[in-house]
Amino acid sequence: MAEPTMVGAGRSGQAAAHLILVLGAVVIAFPIWYVFVASTHSLQTILRPPLPMLPGSEGIANYSEALGGGINRIGGVSVGRLLWNTAFVATAIAVGKILISITSAYAIVFFRFPLRMVFFWLIFITLMLPVEVRILPTYKVMVDLGLIDTYAGLILPLIASATATLLFRQFFMTIPNELLEAARVDGAGPWRFFKDILLPLSATNIAALFVILFIYGWTQYLWPLLVTNSNSMNTIVIALRKMISFADADTPWHLVMVTCVLAILPPILVVVLMQRWFVKGLVETEK
Amino acid sequence: MATVTLQDIRKSYGPTEVIHGVSIDIADGEFVVLVGPSGCGKSTLLRMVAGLESVTSGTLRIGERVVNDLEPAERDIAMVFQNYALYPHMSVRNNLAYGLKNRGFARAEIDRRVAEAAAMLEIAPYLDRKPGQLSGGQRQRVAMGRALVREPAAFLFDEPLSNLDAKLRIQMRVEIRRLQRRVGTTSLYVTHDQIEALTLADRLVVLNGGVVEQIGTPEEVFDRPATIFVAGFIGTPPMNMVPVDWLRGKGELDAVPAAADVVGIRPDDLDLEAPPGSHLTLPATLELLEPAGAESHLYVRLDGLDQPATVRTQGRPALADGARLALHVRPEALHPFVKATGRRA
Ligand SMILES: Nc1ncnc2c1ncn2[C@@H]1O[C@H](COP(=O)(O)OP(=O)(O)OP(=O)(O)O)[C@@H](O)[C@H]1O
Ligand SMILES: [Mg+2]
C-alpha cells in the first residue's frame, strides 16, 4: 500500500510543518525549562531579575535541601515526604479504581442476577455527580468516620469510577461469547475465566486507564485540600500552594521551583513507562 | 468414549418452542451429522448437548449418566466452534493445555498429550505462536487439537469448516473424518452443507423447524428420503416434484402406492435417451441449458405443468433452447409422497 500523501508533502511544505511543530514545542516547553533553571539558582538570584536562561550552580544544594531537610513554610515537611504521599495516594486511587471498575463490569456483563440493569443505571447515573457536587456530604462522612488526615480519607472517596466501569463494560461486550463458552467447556469457572482470560485480554485497557487515573490522582486539588489539615499529610500540589506566600520575600522560590520539577517528574515517568507497555499490548493481543 | 442419547428433547425460549421433541441415539464411536436449513435449531440442539444451553424438557445421556443439569466441564465433551474461539493471548501450546491444566493433569501428561495432538494435526511447528499469527486453516487445526487433547467422551462440532475457503474445506473435511476414525470418539457434527453431511456422516439427522425429518445413513437418506422436505433438501440440484395424476398414461406406475399423490424424481434419473426395459416417457420443452464442466444442467418445462424441472446429464448435449424433449425415467427411480402429510407413501 502506498504511503498516504499529505497536504503540502513537498520539501518546502515539510519544512514549514516542522517549523510550526518546533515553535509549538518551544512555546510549551519554555515555562518548564524556566522552572528547571530557576530550581538551580539561589533564592537571591531568583529575586533579582532578570533570571538567567541557563542552569546555575545551586542545583544540588537546592534539591538536597528540599528532599532531605524540611521546608519551613509547610511546617518543616520534606518534599520527599510529599512525593511519597502523592505517589501512594495516586497509585492507590488508580489501582483501586481499576480493581473496582473491572470487577463491577465483569459482574454486569457476564452474570445474570436480579436488578442487574438497575445496578448498571445506578453506576451510570453517578457519572452526572462530579466530586464537587457530593463534596459536602462526603466530607461529613469522612469527619464522622475519623478519616480526616489519613490516607484512607484521601483515597476512598475518589476510588469509585463510573467512567472506568463503563469503559470495561464496553470492552467486555466485544469479547466473543464463544470465548466464554470455550472456557466453560475447558473447565474454567468464573474466577479462572476472569484471571486467565479476561485480565490478560484487558491488559492494554488497564495500562491506558492506569496512566489516565494515576495522573488524575496525582493532580487532585480540591479534595486533598479539604481532607488534610496536617502538613505531613499534604499531597505535593497542596503543599506547593501552601509554600507560596503573598509576600515575595516570604516565599522560598528556589524550593518552590524544585518542588514543581519534582511534581512533574512522576507523571511523566508513568506515561513513558506505561506507553511502551500498551503499545506492546496493542501489537500482541487481538480477539 | 460413550454413547450419546437424546430422548424427547425440547427447548423453549420464553413462550416459543424451537426444538419440538428430538430423539437421537448415537452409538459409541459413531459420527452423526445434524443437517438442516438455517434456523432449524441445529446449533441449539448441539449446545444443549454441550451444556451451554439449558434443556427445557427431555432426557440427555452421555454414556450412562443423565447430564441434563451438569456444567459443560462436567459432561466430558469437547467442542469445536465455528469461529474457533481460541484464546488470543495464549500460545498454541497453552490453548491446547488450558483445559487439561484446569482439570489438574500432571505437567508430564499434559506435555505428552499436547505433543501427540500436535503431531497428529501437524501443528507442532506453531506451538509457540499466538493464534493471531496463524492462517485460518491452522487455527482450525488448533481448535481441533484443543478438543483432541482432552480425550473426551464426545466431540461436538458446530459448523467448524464454514469459515474456510472451498479448497481448504474439502481438505479439512477429509482430515476430520480420518482423525475421527483414528481416535474413534463419538462425534456430533452440525452443518448446513449437505455435501459435508453426506461425506462425513455414519448417520445423518435431517432437522427442519426443530423437528427430526429423518435419521439414517447417507445412502438411506439419499436413496429413500422419508419426507418431501428431505427429498428437496438433500441432493443438488434438488429433486423434481411431479403430480401422480400428470404421470398417468406416460408409463407403468405399479411401483407407486395408491396413497401417493406426488412423485419425486432426481435430476440424474431423468434421461434424454430411452433406457432398456420399462420406463416412463415425459414430454418437455428445454428452457435453458447450463453447461457445468463435465456435466450439464437442463432447465425444462414439463408439458402442462407450471413449475420447471431440472435434468442432470453427462457431457454437453447438442440442444438449442426451446427444443422439444422426451425425458425417460425408470419406475424404480420414482419417490412417492403424500402431499398432505409430507411423508413417503
Ligand atoms: N437466545 C435465543 N432466544 C430466542 N430464540 C433463539 C435464541 N437462540 C436461538 N433462537 C431461535 O432458535 C432457532 C434455532 O436457532 P439455531 O441457532 O439453533 O439455528 P441453526 O439451525 O443453528 O441455524 P444456522 O444454520 O443459521 O446456524 C432460531 O429460530 C432462532 O431464532
Ligand atoms: Mg448454527
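Some observations on this one:
- Check: chain B dipole with +1 on Lys, Arg Cβ and -1 on Asp, Glu Cβ, in debye: 1260
- Backbone geometry of the stretch B:247-256 corresponds, through the Karplus equation with coefficients 6.51, -1.76 and 1.60 at θ = phi - 60°, to 3J(HN,Hα) couplings of 6, 4, x, 9, x, 6, 10, 4, 6, 8 Hz, x marking Gly and Pro.
- For residues of A:196-207, the mean tally of beta carbons on other chains within 10 Å: 2
- For the stretch B:51-105, taking the reciprocal of the average inverse distance between every pair of different Cα atoms yields a Kirkwood hydrodynamic radius of 13.3 Å.
- Order of B:ASP28, A:ASP250, B:ASP269 under a 10 Å beta carbon neighbour criterion, fewest first: A:ASP250, B:ASP28, B:ASP269
- Taking the centroid of alpha carbons for each part, the stretch B:276-345 and the stretch B:2-53 are 36 Å apart.
- Positive-end residue, the protein assembly as shown charge dipole about Cα centroid, Cβ charges, pick of B:VAL212, B:VAL22, B:VAL55: B:VAL55
- Residues whose amide H lies under 5 Å from that of A:VAL77, counting only those 5 or more places away or on a different chain, are A:ILE71; hydrogens are built 1.01 Å from N in the peptide plane.
- Rounded to the nearest 20, the size of the Cβ-charge dipole of the stretch B:93-244 about its Cα centre is 820 debye, with Lys and Arg at +1 and Asp and Glu at -1.
- FRET efficiency for the pair A:VAL141 and A:TRP84, taken as 1/(1 + (r/R0)^6) with r the Cβ-Cβ distance and R0 = 30 Å, rounds to 0.70.
- Between the stretch A:45-107 and the stretch A:173-239, the alpha-carbon centres lie 23 Å apart.
- The stretch B:115-174 pair-distance distribution - Cα-Cα, 5 Å bins, rounded %: 4, 17, 29, 25, 20, 5, 0
- Label point at B:ASN163 placed 7 Å out along Cα→Cβ; residues across the stretch B:96-136 whose backbone nitrogen lies under 13 Å: B:131-136
- Compactness index (Cα Rg / 2.2 N^0.38 Å), the stretch A:193-235: 1.75
- In this structure, the amide hydrogen of B:LEU327, modeled 1.01 Å from its nitrogen in the peptide plane, lies closer than 5 angstrom to those of B:LEU282, B:ALA284, counting only residues at least 5 positions away or on a different chain.
- Sequence-ordered 3J(HN,Hα) estimates for the stretch B:258-267 from the Karplus curve with 6.51, -1.76 and 1.60 and θ = phi - 60° stand at 4, 5, 5, 10, 9, 10, x, 10, 5, x Hz, glycine and proline given as x.
- Rounded to two decimals, the Cα radius of gyration of the stretch B:4-228 over 2.2 N^0.38 Å is 1.01.
- Simple spin-label estimate for A:THR174 and B:VAL338 gives 5.8 nm between the two label positions (7 Å along the Cα-to-Cβ direction from each Cα).
- Derived scalar couplings ³J(HN,Hα) [the stretch B:13-28; Karplus, 6.51 cos²θ - 1.76 cosθ + 1.60; whole Hz; x for Gly, Pro]: 9, x, x, 8, 8, 10, 10, 9, x, 10, 10, 9, 10, 9, 6, 4
- Per residue, the convex hull spanned by the Cα atoms of the protein assembly as shown measures out at 268 cubic angstrom.
- Test item: B:79-86 mean partner chain Cβ contacts at 10 Å: 5
- When the charge dipole of chain A is built from unit charges on Cβ atoms (+1 for Lys and Arg, -1 for Asp and Glu) and taken about the Cα centre, the candidate among A:LEU209, A:PRO157, A:VAL118 whose Cα reaches farthest toward its positive end is A:VAL118.
- Applying 1/(1 + (r/R0)^6) with r as the Cβ-Cβ distance of A:LEU273 and A:PHE110 and R0 = 30 angstrom yields a FRET efficiency of 0.45.
- Put a plus charge on the Cβ of each Lys and Arg, a minus charge on the Cβ of each Asp and Glu, and nothing anywhere else: the dipole of the protein assembly as shown about its Cα centre is then about 2060 debye.
- Lysine pair count for the protein assembly as shown (Cα-Cα distance under 19 Å; residues 8 or more apart in sequence or on different chains): 8.
- Selection from B:ALA115, B:PRO237, A:LEU262, by position along the positive dipole direction of the protein assembly as shown (Cβ): A:LEU262
- Here the gap between A:SER64 and A:ALA25, fully extended at 0.36 nm per residue and compared with their Cα-Cα distance, gives a gain of 11.0 nm.
- FRET efficiency estimate (nearest 0.05) - Cβ-Cβ, A:THR126 to B:GLN7, R0 45 angstrom: 0.30
- The peptide list A:223-231, B:149-157, put in order of mean Cβ contacts within 10 Å with the highest first, becomes B:149-157, A:223-231.
- Alpha-carbon Debye profile of the stretch A:62-286, log10 I(q)/I(0) at 0.09, 0.11, 0.14, 0.15 Å⁻¹: -0.48, -0.67, -0.95, -1.04
- For chain B, relative contact order (Cα pairs under 8 Å, six or more residues apart, normalised by length) works out to 17 percent.
- Other-chain or far-sequence residues with amide H under 5 Å of B:GLU213's (modelled H): B:VAL206, B:LEU207, B:ASN208
- C-alpha long axis of helix B:166-183 to longest principal axis of chain B, angle in °: 60
Each value in this text was obtained by applying a stated rule to the coordinates, not by laboratory testing. Keep in mind that this is a model prediction, so the values were computed, not measured. Using ideal geometry, Cβ is built from the backbone for each residue, glycine included, and neighbour counts are taken over all protein chains shown.
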